[in-house]
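Just so you know, all these numbers are worked out from the coordinates, no wet-lab data involved. The shown structure was predicted, so the numbers you read here are calculated from the model rather than taken from an experiment. Every residue, glycine among them, receives a Cβ derived from its backbone with ideal geometry; neighbour counts consider all protein chains shown.
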Amino acid sequence: MLDITFDELWDGIVVPMSNDLHNRMMEVDKYTDVSVCNLPQDKVNFKKLYESTKDTLKQLYHYNNSEKIRKIDIHKVAACFASVLMEYKVFRYEINEHTSDEVFLSNARLAYNVSLAIIKENILYKYKDDKDLLQFISTHKLYMPKTTEGHDRFSLGRTKTLMLNSIFLGKFDILSYSDMLYWIELFNIMILENKKASEYIEDSEE
Amino acid sequence: MENVLKNIFDKVSGREEERKIDLLASIVDRNKIKNAGVSSIDDVVEFAKTQKMKYDIYF
């Protein structure tokens, strides 16, 4: 990833999104003091953490085909951003009896939404030559699947899962998370192209 | 007989464990995931910037 790309993701998505979420938190939770770590010095630290996370992922999990340049796909880039945001914790606060769910879920919410923003940009790029679709995508949110009755809405469920996993498992599963992002992207592509799911069935190996 | 002696030697010297670790490492290596980027994150982000699109927030 070029430096300019990282700068754009940080300055164009992470910083303004964290400020928006912070402002929303202040309206909802008037008791908890939340600090926001999205300053230029945080950017440097975050970038180092991203690079080391990405390098570890490549080293441990990726097949080493030495003939080709080994880049990771955008779903994994987005998943690495989510992983690092969960680890870095842009929002910092002390837990007390007044801590609201809004605050408790804040880092997970930011991680989830930043990764989705990257996926949306990937979808936009896929249709870069289709003016009508570009216009539509730019002005509409990504579609999310319905959940079963009694379940949280999809995005809230994913956000809660991120937070609970960070507490109970302590480790972010980048590969599984990137698979989820791939599915969200495919779900949206199917809708945008008005295609049936059966058109995306994998070829049989037999 | 030679095999028995070799096994004893390996276990005593700890090389049995090292050999197993080397074997496991090579099995893990060939089962690592294949990954290929279809589009470059640099191109994606550069293009997105031209669209002046604001991010969404999902709750």
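Could you pull out the pairs from A:K126/A:K195; A:K58/B:K11; A:K126/B:K49; A:K146/A:K196; A:K76/A:K120; A:K120/A:K195 whose alpha carbons sit more than 23 Å apart here?
A:K58/B:K11
Through the Karplus equation 6.51 cos²θ - 1.76 cosθ + 1.60, θ set to phi - 60°, convert the phi angles of region A:158-172 into ³J(HN,Hα) values in whole Hz; use x for Gly and Pro.
Per residue, the Karplus-derived 3J(HN,Hα) values read 5, 5, 4, 4, 4, 5, 5, 5, 5, 7, 8, 9, x, 9, 8 Hz.
Using θ = phi - 60° and the Karplus relation 6.51 cos²θ - 1.76 cosθ + 1.60, list the HN-Hα couplings for region A:180-196 in order, rounded to whole Hz, with x at every Gly or Pro.
4, 5, 4, 5, 4, 5, 5, 4, 5, 4, 4, 5, 4, 8, 6, 10, 7
What average count of beta carbons from other chains do you get within 10 Å of the Cβ of residues in A:48-61?
1
What ranking do A:88-94, A:148-154, A:105-111, A:197-203 get when scored by the average of other Cβ atoms within 10 Å per residue, highest first?
Descending packing order for the listed peptides: A:105-111, A:88-94, A:148-154, A:197-203.
With r as the distance between the Cβ atoms of B:I21 and A:I191 and R0 = 41 Å, compute the FRET efficiency 1/(1 + (r/R0)^6) and round to 0.05.
Between A:I191 and B:I21 the formula returns 0.25.
Please label the shape of chain A as rounded, prolate or oblate, based on the square roots a ≥ b ≥ c of the eigenvalues of the alpha-carbon gyration tensor (a/c under 1.5 means rounded; beyond that, a/b larger than b/c means prolate, else oblate).
Prolate is the answer for chain A, as a/c is 1.5 or above and a/b outweighs b/c.
Once you keep just the Cα pairs under 8 angstrom separated by 6 or more residues, what percentage relative contact order results for chain A?
Once divided by the residue count of chain A, the mean separation gives 24 percent.
Using a cut-off of 12 Å between beta-carbons, work out the net charge of the residues near A:R92 (Lys and Arg +1, Asp and Glu -1, A:R92 not included).
-2
By per-residue mean of other Cβ atoms within 10 Å, what is the highest-first order of A:186-194, A:71-79?
A:71-79, A:186-194
Under the definition of partner shielding as Cβ atoms of other protein chains within 10 Å of a residue Cβ, what is the mean value for peptide A:10-20?
Partner-chain Cβ atoms within 10 Å, mean over residues of A:10-20: 2.
For A:K43, go through the aspartates and glutamates and keep the ones whose alpha-carbon is under 16 Å away, minus same-chain ones fewer than eight residues off.
A:D3, A:D7, A:E8, A:D11, A:E51, A:E87
Could you work out the mean count of beta carbons from other protein chains within 10 Å of each residue's beta carbon in A:119-129?
5
For chain A, what is the mean residue ellipticity at 222 nm derived from helices alone (per DSSP H run of n ≥ 4: -39500 (n - 2.57); sum divided by total residues; nearest 500 deg cm²/dmol)?
Computed mean residue ellipticity for chain A: -19500 deg cm²/dmol.
Taking R0 as 30 Å, what's the FRET efficiency between A:D55 and A:E94 from their Cβ-Cβ distance, rounded to 0.05?
Computed FRET efficiency for A:D55 and A:E94 comes out at 0.35.
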